[in-house]
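Data block below; observations after.
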Amino acid sequence: MITEFKKIRRPAVSGMFYPNSPDELRNLIREFIAGVKIKIDRNPKALIAPHAGYQYSGPVAASAFASLKAQADSIKNIIIIGPSHRMPFDGIAAPECDGFETPLGVVPVNQSLIQKALRLPCVKASDLAHSDEHCLEVELPFLQEILPQFTIAPFTVGDASDQDVADLLELLWDGDDTRIVVSSDLSHYLNYSSAKQIDEITANSILNLDHESIDYDQACGCIPVRGLIIAAKKHNLKAELIDLRNSGDTSGNKGKVVGYGAFLFK
């Protein structure tokens, strides 16, 4: 485990998407996890979690990450991958830094996994592709609260294919101490009833491992999601829906909503 960091990726959305006070952030995450209604002890290999501001997607994200609690002591590496929202680029971006910071501390980047990933032609090293991106950052405090000690291999996806993502996940798949987190929201800015209908269709596609039926209108992280499904089918994993809600359910405003889903792959 790295104790000294030469280059740290600083938080981009602390104080906006989630509290910048460590105590407030920790208490909020514990509140979300305590609010998970169902007992989750499935020990998934991979999960899909949303990445919006915590007031909107936090309860749904908690239901996904709570599934890691039972095996928390044995989980040492997290492959975390999501879409680039702010910067266009070709391929998949790995960071050049050796740590990602949140108000709860610095999470070490697993350099051996990063170097392994860089063997793929589609993977390039770029701190710039990570510097302002929120989709991975907002997942880290949940992991920091649940897992006692872990490293990350973080990747943002630009103009890449489903198979590029599947190849990356396959390369880093092995290891009982390794888990995969795909960061994605679902439908965006539809009215409440339309969002529920579209998100249910998307959820069924994920549960049926039908990657070809999921497009950008259904999930902002559709390429990472589709790549995960391809890899999951190869490893004979089944998908399970844990939570499916939208910002109208969590914040109360049902005008234009964003959809969120929590899925496990085991």
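Quick grid of which residues meet (1) surrounded by fewer than 19 Cβ atoms within 10 Å (Cβ to Cβ); (2) at pLDDT 95 or above:
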site	(1), (2)
G15	yes, yes
P19	yes, yes
G35	yes, no
K39	yes, no
Y54	no, yes
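For segment 185-203, does any single residue satisfy the condition of being free of Cβ contacts under 8 Å to residues at least 60 places away in the same chain, more than 17 Å from the chain's Cα centre (by Cα) and not in a helix (DSSP H, G or I)? No, segment 185-203 contains no residue that is free of Cβ contacts under 8 Å to residues at least 60 places away in the same chain, more than 17 Å from the chain's Cα centre (by Cα) and not in a helix (DSSP H, G or I).
crowded, with 21+ Cβ neighbours inside 10 Å, in a helix (DSSP H, G or I) and either touching a residue at least 40 places away in the same chain (Cβ under 8 Å) or aliphatic (A, V, I, L, M) (or both), is that true of V165? When the stated conditions are applied, V165 passes them. So I80 clears everything in (1) closer than 18 Å to S183 by Cα; (2) in a helix (DSSP H, G or I); (3) touching a Phe, Trp or Tyr at 6+ places or on another chain (Cβ under 8 Å) except one condition, right? Which one? For I80, the failing item is (2). Restricting the first member to segment 127-150 and to residues that are without any contact (Cβ under 8 Å) to a residue 24 or more places away in the chain and within 15 Å of P22 (Cα to Cα), and the second to residues that are part of a loop (DSSP other than H, G, I, E, B) and among the β-branched types (V, I, T), no beta-carbon pair is closer than 9 Å while six or more apart or on different chains. Per the conditions (1) touching an Asp or Glu at 6+ places or on another chain (Cβ under 7 Å); (2) surrounded by fewer than 20 Cβ atoms within 10 Å (Cβ to Cβ); (3) assigned to a loop (DSSP other than H, G, I, E, B); (4) not small (G, A, S), the sole criterion not satisfied by R26 is (3). Take the conditions touching a strand residue (DSSP E or B) at 6+ places or on another chain (Cβ under 9 Å) and among the basic types (K, R) and apply them to K196. Does it pass? Judged against the criteria, K196 is a match.
When L237 is tested against the conditions (1) in contact with a Ser or Thr (Cβ under 6 Å, 6 or more places away or on another chain); (2) in a loop (DSSP other than H, G, I, E, B), the lone failure is (1). Annotation note: of V60, V36, the sole residue that is in a loop (DSSP other than H, G, I, E, B) and either within 18 Å of G99 (Cα to Cα) or touching a helix residue (DSSP H, G or I) at 6+ places or on another chain (Cβ under 9 Å) (or both) is V36.
The values are calculated or read from the model by the stated rules, or taken from the named source; none is laboratory data. As the structure is a prediction and not an experimental result, all values here were calculated from the model. Every residue, glycine among them, receives a Cβ derived from its backbone with ideal geometry; neighbour counts consider all protein chains shown.
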